[in-house]
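Engineer: Sharing a structure, written as C-alpha cells. Questions coming.
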Amino acid sequence: MTALTLNLNSVIQLTREQFYRLCEENPDLKLERNAQGELILMPPTGGETGKSNSTINAQIWFWNDQNQLGEVFDSSTGFTLPNGADRSPDVSWVEKSRWDALTKEQKEKFIPLCPDFVIEILSPNDSLKKTQNKMQEYIENGCRLGWLINRKKQEVEIYRPGQNTEVLKLPQTLSGESVLPGFVLNMQRILY
C-alpha cells in the first residue's frame, strides 16, 4: 500500500492547530501535510523497514547520549517546516541550541522547525521520486544533512545544501560529517 494524498483545499483549509488536533484525535493514522496543504496518509511500514528504522535510531541515540549535542526523534515526531509542510522523517536530529530555544508548548506539539539531520528509509511501496522530493524539501527548509536509504537497491542518497545528491552503492558506514561530529552509522544490519 502506498501513501495516499488527499486534497481537501476546496472544502477546508486546515490551520496548523486544526491539523495537529486531527492527528491527535486519530492516533492510529500517520498523517503528513505538504506545503500545498494536502493531507498524506502514510501506511504502516513492514517488518524489515521498521527493524532498520529502530537500528538506525538506536545508533544515533547512543551517539547523542554520549555527546549531548542535540535531540534525536523517531518517525512519530511531527515537524512544521518553514514552507508550512508538516513532516515526520523516519529519524531526525535537532542541534541542542535550536531545541533549547523552543518554548515548552512548541516542544509539546509539532516542532516548528526543520531538523538539522534527517533519514528517510524507502519502504518497498514508497515512491522513490516522491521521497526524493521530500528529501529536497528538507534541504530547502534548512536541513544540513539528509540520507535516503534504499534497501532494495542497496544504496544511500546523501543530500547536502548547495550540492548535488551523492549516491553510495553498498556503503559499509555513513559519516555524520560536521553535522553529527564523530557519528558513524554501521550499515551492516541495514542494507545487508
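The values are calculated or read from the model by the stated rules, or taken from the named source; none is laboratory data. All figures in this text were calculated on a predicted structure; none of them were measured in a lab. Here the Cβ is made from the backbone with ideal geometry for all residues, glycine too, and neighbour counts use every protein chain on show. Areas reflect the complete protein model, heavy atoms only, side chains present, ligands, DNA and RNA absent. Shrake-Rupley method; radii C 1.70, N 1.55, O 1.52, S 1.80 Å.
Engineer: Name the shape class, rounded, prolate or oblate, that the alpha-carbon gyration tensor gives for segment 147-192, where a ≥ b ≥ c are the square roots of its eigenvalues, rounded holds for a/c under 1.5, and otherwise prolate holds if a/b is larger than b/c and oblate otherwise.
Structural biologist: Oblate.
Engineer: Any chance you could check the Cα centroid distance between segment 1-54 and segment 118-192 for me, in angstrom?
Structural biologist: Result: 22 Å between the Cα centres.
Engineer: Treating only the Cβ of Lys, Arg, Asp and Glu as charged (+1, +1, -1, -1), what charge dipole size does segment 88-192 show about its Cα centre? Round to the nearest 20 debye.
Structural biologist: Dipole of segment 88-192, to the nearest 20 debye: 240 debye.
Engineer: Length gain on complete extension for the stretch Leu128 to Ser54, per 0.36 nm per residue less the alpha carbon to alpha carbon distance?
Structural biologist: Here the segment from Leu128 to Ser54 would lengthen by 24.5 nm.
Engineer: Another one. Tally Lys and Arg at +1 and Asp and Glu at -1 over the other residues with C-beta under 10 Å from the C-beta of Arg144: what net charge comes out?
Structural biologist: With Lys, Arg at +1 and Asp, Glu at -1, the net is -2.
Engineer: For the chain, what's the relative contact order in percent, using C-alpha pairs closer than 8 Å and at least 6 residues apart?
Structural biologist: 15
Engineer: Using a 1.4 Å probe on the protein chains only, how many percent of the accessible area of the chain belongs to carbon and sulfur?
Structural biologist: 50
Engineer: Quick one: work out Rg over Rh on the C-alpha atoms of segment 20-75, Rh as Kirkwood radius.
Structural biologist: When Rh is taken as the Kirkwood radius, the ratio is 1.08.
Engineer: Just to be sure I follow the definition: excluding the sites themselves, where is the longest run in the chain that has none of the GluC sites (Glu not before Pro) in a DSSP loop with at most 14 other Cβ atoms within 10 Å?
Structural biologist: The segment 39-176 is the longest one with no such site.
Engineer: Can you spot the lysines whose alpha carbon is less than 24 Å from Lys130's alpha carbon? Ignore those fewer than 8 places along the same chain.
Structural biologist: Lys30, Lys51, Lys152, Lys153, Lys169
Engineer: What value, in deg cm²/dmol to 500, does the helix sum -39500 (n - 2.57) over DSSP H runs of n ≥ 4 give at 222 nm once divided by the residues of the chain?
Structural biologist: That comes out to -9000 deg cm²/dmol.
Engineer: May I have the pair-distance distribution P(r) for the chain, computed from all Cα-Cα distances with 5 Å bins from 0 and rounded to whole percent?
Structural biologist: The percentages, shortest bin first, are 1, 7, 16, 21, 21, 17, 10, 5, 1, 0.
Engineer: Assign unit charges at the C-beta atoms only (+1 for Lys and Arg, -1 for Asp and Glu), then state the dipole size of the chain relative to its Cα centre in Debye, rounded to the nearest 20.
Structural biologist: That gives a dipole near 360 debye.
Engineer: Calculate the dipole size of segment 1-108 relative to its Cα centre from +1 charges on Lys and Arg beta carbons and -1 charges on Asp and Glu beta carbons; express the result in debye to the nearest 20.
Structural biologist: My answer is approximately 160 debye.
Engineer: Roughly how many Å² is the accessible area per residue of segment 65-129, as a whole number, for a 1.4 Å probe?
Structural biologist: Per-residue accessible area for segment 65-129 comes out at 45 Å².
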